[in-house]
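The values are calculated or read from the model by the stated rules, or taken from the named source; none is laboratory data. Because the structure is predicted, anything quoted here is derived from the model rather than measured. Using ideal geometry, Cβ is built from the backbone for each residue, glycine included, and neighbour counts are taken over all protein chains shown. Heavy atoms of the whole protein, side chains included, go into the accessibility calculation; ligands, DNA and RNA do not. Shrake-Rupley method; radii C 1.70, N 1.55, O 1.52, S 1.80 Å.
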Amino acid sequence: MLAGQEGGMAKSETVRNFLDALLAVLAGNAIYYLLAPHLPGALRHGRFVEDWGLVVDFMICTVIFVAVKLVRARG
């Protein structure tokens, strides 16, 4: 393979990973903020603090990211 072709493959994989992560974060945050009013107070995220709400938001984003990767691997 030529050196330029290897760089192109790495770049496209990087872009794909970035887009997968962006999708997961945007969708995960949208889901969390739709659910937030229905969550117990301890699971709601406050501004500029690390709390259980942040953990719940992170977990939702992680599940979506893994699901996107699994769907992409099958296709």
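Every residue, every condition in (1) modelled with pLDDT of 95 or more; (2) among the hydroxyl-bearing types (Ser, Thr, Tyr); (3) open to solvent by 70 Å² or more (accessible area, probe 1.4 Å); (4) in contact with an Asp or Glu (Cβ under 8 Å, 6 or more places away or on another chain), yes or no:
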| site | (1), (2), (3), (4) |
| --- | --- |
| Ala3 | no, no, yes, no |
| Phe18 | yes, no, yes, no |
| Leu22 | yes, no, yes, no |
| Gly28 | yes, no, no, yes |
| Ile31 | yes, no, yes, no |
| Pro40 | yes, no, yes, no |
| Gly46 | no, no, no, no |
| Val56 | yes, no, no, no |
| Val68 | yes, no, no, yes |
**Request:** Report, by residue number, each residue of the stretch 49-75 that is over 16 Å from the mean Cα position of the chain (by Cα) and basic (Lys, Arg).
**Result:** Arg74
**Message:** Looking only at the stretch 25-58, filter to residues that are in a helix (DSSP H, G or I) and touching a Lys or Arg at 6+ places or on another chain (Cβ under 9 Å); which one of those is farthest from Val68 (Cα to Cα)?
**Reply:** Pro37
